[in-house]
Amino acid sequence: MIRALAFLELTVSDLPRALHFYETILGLARLPTMRPERFALLATGGSQLALKRGVPTPGSVLIHFEVEDLRATLARLAGFGLVPECESKDNTEEKYRRILVRDLDGYRLCFYQWIMDESAPQKQSPSFE
């Protein structure tokens, strides 16, 4: 029986460069691993993101990060030269706002923030349709 989703693994072309992106720009913390020259594990709140040296295949992977302040996140990313694929989008039905950017290997990253509405209960997981 499945106990939990252990981690999501991305294959990256340049592990040190990818680690710089995910640690320095996104602020994720590196966890110890057995083969740090080939494989890195990063803490992402309740789960983990693994980076493995190899040939990236971005395809249909889309990683979602919940953030406290989307505007501050957008400003931080812009400070590193990262530009969203389009303007931020609001989903008023599900009460979230999001932006999409690509990492250094072309993987799509979604950063979203709940739109606070005290009269409506907060959803636990957006559908991102």
Is it possible to state the helix-based mean residue ellipticity at 222 nm for the chain, with each DSSP H run of 4+ residues giving -39500 (n - 2.57), the sum divided by total residues, to the nearest 500 deg cm²/dmol? What is it? -3500 deg cm²/dmol
Taking the Cα atoms only, what angle lies between the long axis of helix 70-79 and the longest principal axis of the chain, rounded to 10 degrees? 40
Using the number of other C-beta atoms within 10 angstrom as an exposure proxy, rank Leu42, Leu100 with the fewest first. Leu100, Leu42
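List the trypsin sites (Lys or Arg not before Pro) in the stretch 17-73 that DSSP assigns to loop (not H, G, I, E or B) and whose Cβ has at most 15 other Cβ atoms within 10 Å. Which are they? Numbers along the way, then the final one.
On the way: sites: Arg17, Arg30, Arg38, Lys52, Arg53, Arg71; in loops: Arg38.
Sparse-neighbourhood loop trypsin sites (Lys or Arg not before Pro): Arg38.
If you take the alpha carbon radius of gyration of the stretch 25-99 and divide it by 2.2 N^0.38 Å, what ratio comes out, to two decimals? Could you put the intermediate results ahead of the total?
Numbers: Rg = 15.0 Å, N = 75, 2.2 N^0.38 = 11.3 Å.
The stretch 25-99 yields a ratio of 1.32.
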Do any GluC sites (Glu not before Pro) in the stretch 11-87 lie in a loop, going by DSSP, with at most 15 other beta-carbon atoms within 10 Å of their beta carbon, and if so which? Glu37, Glu68, Glu85, Glu87
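What FRET efficiency comes out for the pair Ser13/Cys86, r = Cβ-Cβ distance, R0 = 30 Å, nearest 0.05?
On the way: r = 25 Å, r/R0 = 0.84.
Step by step, r from the Cβ atoms, then E = 0.75.
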Built amide H within the under 5 Å cut-off of Val12, gap 5+: Lys52, Arg53, Gly54
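May I ask for the longest run of the chain untouched by chymotrypsin sites (Phe, Trp or Tyr not before Pro) that are loop-located per DSSP and have at most 16 neighbouring C-beta atoms (other than their own) within 10 Å?
Values: sites that count: Phe7, Phe80, Phe128.
For chymotrypsin sites (Phe, Trp or Tyr not before Pro) (loop position, at most 16 other Cβ atoms within 10 Å), the longest site-free span of the chain is 8-79.
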Please compute the Cα-Cα pair-distance distribution of the chain with 10 Å bins starting at 0, giving whole percents from short to long. 11, 40, 34, 13, 2
Using the Karplus curve 6.51 cos²θ - 1.76 cosθ + 1.60 with θ = phi - 60°, what ³J(HN,Hα) values do you get for each residue of the stretch 18-27, in whole Hz, with x for Gly and Pro? 5, 4, 4, 4, 6, 7, 7, 7, 8, x
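Computed from the coordinates by the stated procedures, all read-outs in this text should not be read as laboratory data. It should be emphasised that the depicted structure is a prediction, and the values quoted were computed from it without experimental measurement. Heads up, the Cβs are rebuilt from the backbone with ideal geometry, glycines too, and the neighbour counts pull from every protein chain shown.
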